[in-house]
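Novice: My questions all concern the structure below.
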Amino acid sequence: MPTTPLDRLMFAQGGLCFFCKQPLPKAEASVEHLFASSNGGSNKDENCVACCKSVNALLGSMSLKEKFQVVLNQKGQFKCPNAGGVARATQLRASSPSKAPTSAKSKTDTFSMVVANLAQRGSSRPRTLKTLTSTVASLFPKGIAEAELAALIQQLQAAGKVSISENKVSYAL
């Protein structure tokens with residue numbers, strides 16, 4: 001029997017992501033706590049599932065109720081924000097035209113959504129610029145242009161929500 005929690009979960013799930021049921025390479029897999037460990041959830045297998053890192057980043061330290069809402073909002077088959085793999089998602093973001101919001105209101109909504117997601121994460125917030133960038137990108141299942149992603153990170157800094165020093169991120173949410 002596999003010994004690490006991730007190995008056990010991958011075995012029990014047949015090597016598939018718990019949420020989207022797509023093949024899950026171990027390099028892209030992570031352990032998602034259904035009841036977040038930051039909210040007191042245990043590390044026991046009955047509280048954990050294997051899923052891709054982008055889903056784990058998306059769900060973060062949301063409450064179980066909020067996680068159910070994300071899944072239910074899919075209205076059918078779960079659409080993985082990983083978009084068929086980390087490399088494919090990066091490729092889509094790099095090649096897609098700018099998906100900049102068309103109005104100031106939608107830019108504000110996007111910024112507010114990112115801030116709310118980071119605030120929800122509590123102690124599970126990204127600690128490096130690279131992780132913050134991929135976490136924010138994972139919030140956009142259809143991809144986000146690199147320029148818009150960079151602008152969001154700059155907006156977080158300008159608003160005083162994050163401070164970045166030597167690629168280390170600290171928060172004032």
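Novice: Given a Förster radius of 41 Å and the C-beta distance between residue 113 and residue 7 as r, what FRET efficiency does 1/(1 + (r/R0)^6) yield to the nearest 0.05?
Specialist: Values: r = 35 Å, r/R0 = 0.84.
Taking R0 as 41 Å, the efficiency between residue 113 and residue 7 is 0.75.
Novice: Quote the Stokes-Einstein diffusion coefficient, in whole µm² s⁻¹, for the stretch 5-72, based on the Kirkwood radius over alpha carbon pairs, a temperature of 37 °C and a viscosity of 0.692 mPa s. Please list the in-between numbers first.
Specialist: Values: Rh = 11.8 Å.
Roughly 277 µm²/s, to the nearest whole number.
Novice: In nanometres, what is the gap between the two model label sites at residue 28 and residue 168, each 7 Å from Cα along Cα-to-Cβ?
Specialist: 3.3
Novice: How much FRET efficiency would the formula 1/(1 + (r/R0)^6) give for residue 42 and residue 158, where r is the Cβ-Cβ distance and R0 is 45 Å, rounded to 0.05?
Specialist: Efficiency, rounded to the nearest 0.05: 0.70.
Novice: Another question about this same structure. Taking the alpha-carbon centroid of each part, what is the distance from the stretch 1-71 to the stretch 116-140 in angstrom?
Specialist: First find each Cα centre; the distance between them is then 17 Å.
Here, each number is a calculation from the coordinates, and none is a lab measurement. Please read all numbers here as calculations on a predicted model, not as lab measurements. Heads up, the Cβs are rebuilt from the backbone with ideal geometry, glycines too, and the neighbour counts pull from every protein chain shown.
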